[in-house]
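Below is one structure, written out as structure tokens; the observations come after it.
Quick note: the coordinates plus some simple rules give every number you see, no bench work behind them. From a predicted model like this one, the values you see are computed outputs, not experimental measurements. Glycine also receives a Cβ, built like all others from the backbone with ideal geometry; neighbour counts cover every protein chain displayed.
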């Protein structure tokens, strides 16, 4: 593993342990050249997933991109990071277990919406507003009416 600080080719593993959700190995590393310390995570990848975008373009699946989009939806919400990490791991496992190597982006969007609805209603609506491309307030009202979330969101205020 290359050192992120000085670029030295060899680093030493000082400590390894399973992550909180058990889906990864957390490794504490040290660079012998600059003595910088950093952490890496090693995950099992069952198969390479390719995402088919709405435009027809194909891109490799990126777990970090999924995590970033979810973190935007949950920003400033009282949600423990461990719950979010477990949710992301569950989504990735579901995608990998579908048996397909190429998945439409809509499959990921719907899975994220399903999991966010169980996690936090406000984060769910935030994600839906981007995923469903809301343009005006009527789009929110229509969505909330369809989903029956008006009462839930009124309690959030």
Tilt, helix 105-119 to longest principal axis of the chain (alpha-carbon atoms), in degrees rounded to tens, equals 80 degrees
Per-residue ellipticity at 222 nm attributable to helices in the chain (runs of n ≥ 4 DSSP H, -39500 (n - 2.57) apiece, nearest 500 deg cm²/dmol) works out to -14000 deg cm²/dmol
Expressed in nanometres to one decimal, the distance between label points 7 Å along Cα→Cβ at residue 33 and residue 101 is 3.6 nm
Exposure proxy check on 116, 111: fewest-to-most Cβ neighbours within 10 Å is 111, 116
For the pair residue 110 and residue 2, the simple spin-label estimate (label points 7 Å beyond Cα toward Cβ) gives in nm 4.0 nm
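Taking 41 Å as R0, compute the FRET efficiency from the Cβ-Cβ separation of residue 134 and residue 19 and round it to 0.05.
On the way: r = 35 Å, r/R0 = 0.85.
With R0 = 41 Å, the Cβ-Cβ based efficiency is 0.75.
How big is the C-alpha Rg of the chain next to the rule-of-thumb value 2.2 N^0.38 Å, as a ratio?
Numbers: Rg = 19.2 Å, N = 157, 2.2 N^0.38 = 15.0 Å.
Expressed relative to 2.2 N^0.38 Å, the Cα Rg reads 1.28.
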For the range 82-139, Rg(Cα) over 2.2 N^0.38 Å is 1.24
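In percent, how large is the relative contact order of the chain, given Cα pairs closer than 8 Å and 6 or more residues apart?
Numbers: 159 pairs, mean separation 24.1, N = 157.
RCO, the chain: 15 percent.
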P(r) over all Cα-Cα pairs of the range 1-44, 10 Å bins from 0 to the longest distance, whole percent per bin, short to long, reads 32, 46, 20, 1
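In which sequence would 133, 139, 62, 120 go, from the one with the fewest C-beta neighbours within 10 Å to the one with the most? Before the final figure, lay out the partial values.
On the way: 133 8, 139 14, 62 11, 120 19.
Ranked by crowding around the Cβ, least crowded first: 133, 62, 139, 120.
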Taking a crude spin-label model, label points 7 Å out from Cα along the C-beta direction, the residue 10 to residue 142 distance in nm is 6.3 nm
GNM of the chain, Cα pairs under 10 angstrom: of 40, 101, 137, the biggest fluctuation goes to 137
To the nearest 0.05, the calculated FRET efficiency linking residue 77 and residue 54 through their beta-carbon distance, R0 being 30 Å, is 0.60
Across 65, 114, 14, the residue with the highest GNM fluctuation in the chain (Cα network, 10 Å cutoff) is 14
If the chain between residue 44 and residue 65 were fully extended at 0.36 nm per residue, the gain over the current Cα-Cα distance would be 5.8 nm
